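Q: Take a look at this one; I'll ask things after.
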Amino acid sequence: MSRVAKVKFVNYQDSIHRALDLVDAPAQLPRKGLIIIKPNLTNSSPPPVTTDVAAAEAVYQYCKAHSEAEIIIGEGCGSGRTEDVFASLGYTDLAARYGLKLVDFNESESVTLKNENAMSLKSFHMPAIVPGAFVISLPVLKDHSFTRTTVALKNMFGIAPAKFYRGSWNKSRLHSPSTHKHVVDVCLYKRPDLSVVDASVALAGMHLAGTHTNIGLILAGFDPVAVDAAASELLGHNPRRIEYLKLANGLLGTMENTQTLHA
């Protein structure tokens, strides 16, 4: 049975820490190695188009308190330069305060992985530091024009180096011919190890310019399918009618028999 925490949003530190406590995150965080916090910084637009830097700070503080692993923040933005996006959204300042390393996945040294079980991406270029790392997907809850919703699983598109997947925007080649299948394929190569979703203010209707919707929750869980399903319901969708979730169900996690932990 998968567990998903739903915690009333008070502030990022208190609510995220409470959600991670509820899913017993300290027991599963790595003691050593590398933790990558992966926000959704698709462009330089302010939250809720992008992940609030205060949410990333809260996750960092929690991991720092419960693990001796190295902690970094990594992203490969969907448009523009990641370096500029980091700076405009406060991540450069955050890194300076804590001595954190920021990694631009669009420009990182990469490796090529192969998986014959993938539906479309039989090979995938991935930043070399990602495969062995513990990745925390930290998205904002949003509707999406290609996949109905974008939450923890689609947030992993950010690990794809732009030089291999760029078209009219940095990751455009992942959005055709089937964005739904590519979401699953990317996560077959690297599934989020932990997901924390900012559903305090969601975007309804569209992921870049939707309607601000006050939901007032933080979600967390180790099963990204269960987390995405629970989050999608908050925007009024039936997750069993969302193609990427149907494809991911039983493969990357499960939508069945989810235990919801409230606080």
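Q: Would you point out the residue of the range 238-259, among those that are touching a residue at least 60 places away in the same chain (Cβ under 8 Å), in a loop (DSSP other than H, G, I, E, B) and in contact with a strand residue (DSSP E or B) (Cβ under 6 Å, 6 or more places away or on another chain), that is farthest from Ser2 (Cα to Cα)?
A: Here the answer is Ile242.
Q: Identify all residues within the range 75-99 that are at pLDDT 95 or above, of a type in the set (Gly, Ala, Ser) and either under 22 Å from Gly167 (Cα atoms) or in contact with a strand residue (DSSP E or B) (Cβ under 7 Å, 6 or more places away or on another chain) (or both); write none if there are none.
A: Gly76, Ala95
Q: Specify the residue that is surrounded by the fewest Cβ atoms within 10 Å (Cβ to Cβ); the eligible residues are those in the range 150-209 that are more than 24 Å from Leu234 (Cα to Cα) and β-branched (Val, Ile, Thr).
A: Step by step, filter the range 150-209, then rank; the result is Val186.
Q: Can you pull out the residues in the range 65-88 that are touching a residue at least 12 places away in the same chain (Cβ under 8 Å), of a type outside the set (Ser, Thr, Tyr) and outside any loop (DSSP other than H, G, I, E, B)?
A: Correct list: His66, Glu70, Ile71, Ile72, Ile73, Gly74, Glu75, Glu83, Asp84, Val85, Phe86.
Q: For the range 1-40, what are the residues that are modelled with pLDDT of 95 or more, aliphatic (A, V, I, L, M) and closer than 21 Å to Leu217 by Cβ?
A: Val4, Ala5, Val7, Val10, Ile16, Ala19, Leu20, Leu22, Val23, Ala25, Ile37
Q: Run Glu116 past the list (1) touching a residue at least 12 places away in the same chain (Cβ under 8 Å); (2) among the acidic types (Asp, Glu); (3) surrounded by fewer than 19 Cβ atoms within 10 Å (Cβ to Cβ) and report the number of the one that doesn't hold.
A: (1)
Q: Let me ask something additional. Out of curiosity, is Val135 within 24 Å of Gln28 (Cβ to Cβ) and either under 15 Å from the mean Cα position of the chain (by Cα) or aliphatic (A, V, I, L, M) (or both)?
A: For Val135, the condition - within 24 Å of Gln28 (Cβ to Cβ) and either under 15 Å from the mean Cα position of the chain (by Cα) or aliphatic (A, V, I, L, M) (or both) - is met.
Q: Moving on. Looking only at the range 31-64, count how many residues are under 18 Å from Thr213 (Cβ atoms) and either of a type in the set (A, V, I, L, M, F, W, C) or in a helix (DSSP H, G or I) (or both).
A: The qualifying residues number 2.
Q: Residues Ala56, Ala69: which one is under 25 Å from Cys187 (Cα atoms), of a type in the set (Gly, Ala, Ser) and more than 15 Å from the chain's Cα centre (by Cα)?
A: Ala69
Q: With Val23, Val7, Val85 as the choices, which residue is in contact with a Cys (Cβ under 6 Å, 6 or more places away or on another chain), surrounded by 14 or more Cβ atoms within 10 Å (Cβ to Cβ) and not acidic (Asp, Glu)?
A: Just a single option satisfies the conditions, and that option is Val85.
Quick grid of which residues meet (1) under 26 Å from Ser108 (Cβ atoms); (2) not in a loop (DSSP other than H, G, I, E, B):
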{"position": "Gly158", "(1), (2)": "yes, yes"}
{"position": "Arg173", "(1), (2)": "yes, yes"}
{"position": "Pro192", "(1), (2)": "yes, no"}
{"position": "Val196", "(1), (2)": "yes, yes"}
{"position": "Ala199", "(1), (2)": "no, yes"}
{"position": "Ala209", "(1), (2)": "no, no"}
{"position": "Ile218", "(1), (2)": "no, yes"}
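Q: Okay, next question. Leu102 - would you say it is farther than 19 Å from Cys187 by Cβ, part of a strand (DSSP E or B), under 19 Å from the mean Cα position of the chain (by Cα) and modelled with pLDDT of 95 or more?
A: yes
Q: Between Arg191, Arg173, which is touching a helix residue (DSSP H, G or I) at 6+ places or on another chain (Cβ under 7 Å) and without any contact (Cβ under 8 Å) to a residue 12 or more places away in the chain?
A: Arg173
Q: Can Thr149 be described as hydroxyl-bearing (Ser, Thr, Tyr) and in contact with a helix residue (DSSP H, G or I) (Cβ under 7 Å, 6 or more places away or on another chain)?
A: yes
The values are calculated or read from the model by the stated rules, or taken from the named source; none is laboratory data. All values derive from a computational prediction rather than experimental measurement. Note: ideal-geometry Cβ built from the backbone for every residue, glycine included; neighbour counts use all protein chains shown.
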